[in-house]
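The values are calculated or read from the model by the stated rules, or taken from the named source; none is laboratory data. Keep in mind that this is a model prediction, so the values were computed, not measured. Cβ sites come from the backbone with ideal geometry, for glycine too, and all protein chains shown count toward neighbours.
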Amino acid sequence: MSDGRTPPGTQWLQQQTAQTQQPTIIAQAQQQWPILNRPELSYKYSLQPNRGFLEAWPPGETGTSDRPRPSDFPATGYGIEIYNPQTRPIDVLGDVTSHFLVNTDPTIKDYYQRFQSSLTPEQEARLKEQYQHAQRHEGEKRPYAQWRELTGMPGYFRGYPFKQWPDAFNQRAYTPEQRTMLDQMMSYLQTAR
């Protein structure tokens with residue numbers, strides 16, 4: 001059915017195009033970063049408008065009634081569900097790194113701990129501002145400490161190295177030492193398995 005503005009069949013074509021991109025996004029990510037080929041990682045493509053780009057599902061996370069864990073992800077495994085065909089391979093790496101590898105890969109775990117301990121008072125204040133924004137505009141209800149651990153800190157950790165924030169902002173949001181450290185982490189990810 002056409003809405004009068006979209007030629008008939010366009011929505012179907014967009015969905016088919018998005019579905020054919022799924023293997024490409026995942027395959028490209030796995031080819032560029034072999035560390036993403038670990039057997040304990042599952043991937044799924046689910047075109048879902050207005051859900052963001054992707055969702056990380058840690059072991060044991062069941063989700064909510066309106067956003068349940070995909071049934072194809074083992075309960076004891078880690079999964080990445082891709083919602084948007086504009087998701088980039090580096091976005092997949094960023095979520096796997098900031099939600100999974102920080103707990104399972106000793107080298108990444110060390111980078112993450114060093115990054116957390118290097119935060120300046122200004123950066124801590126920025127995290128609190130992000131939390132307040134999430135409360136006002138995104139329906140965030142978790143206490144700050146929980147949000148910081150599960151969402152805020154992983155997001156801050158991803159912003160610069162995974163090109164999720166604009167370069168001009170990254171120059172202000174990270175110290176030169178942090179950028180150097182995160183560049184070293186990215187070099188490690190290029191060769192890690």
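Yes or no: Y112 surrounded by 19 or more Cβ atoms within 10 Å (Cβ to Cβ) and closer than 28 Å to R51 by Cα?
Details: surrounded by 19 or more Cβ atoms within 10 Å (Cβ to Cβ): yes; closer than 28 Å to R51 by Cα: yes.
Spelling it out, Y112 is indeed surrounded by 19 or more Cβ atoms within 10 Å (Cβ to Cβ) and closer than 28 Å to R51 by Cα.
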Original post:
R158 versus (1) touching a Phe, Trp or Tyr at 6+ places or on another chain (Cβ under 8 Å); (2) buried (at least 19 other Cβ atoms within 10 Å of the Cβ): which is the lone unmet condition?
Top reply: (1)
**OP:** Being under 19 Å from the mean Cα position of the chain (by Cα), touching a residue at least 12 places away in the same chain (Cβ under 8 Å) and either part of a helix (DSSP H, G or I) or more than 19 Å from K109 (Cα to Cα) (or both) is the filter here, so list the residues in segment 133-161 that pass it.
**Re:** A134, W147, R148, T151, G152, M153, P154, G155, Y156, F157, R158, G159
Original post:
Which condition does K141 not pass, out of (1) modelled with pLDDT under 95; (2) in the same structural domain as M185 (by TED's automatic domain parsing); (3) crowded, with 18+ Cβ neighbours inside 10 Å, if it passes all the others?
Top reply: (3)
Subject >> Selection within segment 84-132 - more than 25 Å from Y144 (Cβ to Cβ), more than 16 Å from the chain's Cα centre (by Cα) and at pLDDT 95 or above >> reply: D105, P106, T107, D110
Original post:
If you check L182 against the conditions, is it closer than 24 Å to S42 by Cβ, buried (at least 20 other Cβ atoms within 10 Å of the Cβ) and either out of contact with any Gly (no Cβ under 6 Å at 6 or more places or on another chain) or outside the structural domain of L36 (by TED's automatic domain parsing) (or both)?
Top reply: no
Original post:
What number of residues in segment 175-193 are without any contact (Cβ under 8 Å) to a residue 24 or more places away in the chain and over 19 Å from T104 (Cα atoms)?
Top reply: 4
Subject >> Lone qualifier among Q184, Q164 - being under 17 Å from the mean Cα position of the chain (by Cα) and either at pLDDT below 95 or among the polar types (S, T, N, Q) (or both) >> reply: Q164
Original post:
So which pairs qualify, if the first residue must be in segment 56-69 and of a type in the set (D, E, K, R), the second must be not in a loop (DSSP other than H, G, I, E, B), the Cβ gap must be under 7 Å, and the two must be at least 6 apart or on different chains?
Top reply: R69/W57; R69/G63
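Any residue in segment 87-97 that is farther than 24 Å from Q48 by Cβ and in contact (Cβ under 8 Å) with a residue 40 or more places away in the chain?
Residues of segment 87-97 farther than 24 Å from Q48 by Cβ: none.
Taking every residue of segment 87-97 in turn, none turns out to be farther than 24 Å from Q48 by Cβ and in contact (Cβ under 8 Å) with a residue 40 or more places away in the chain.
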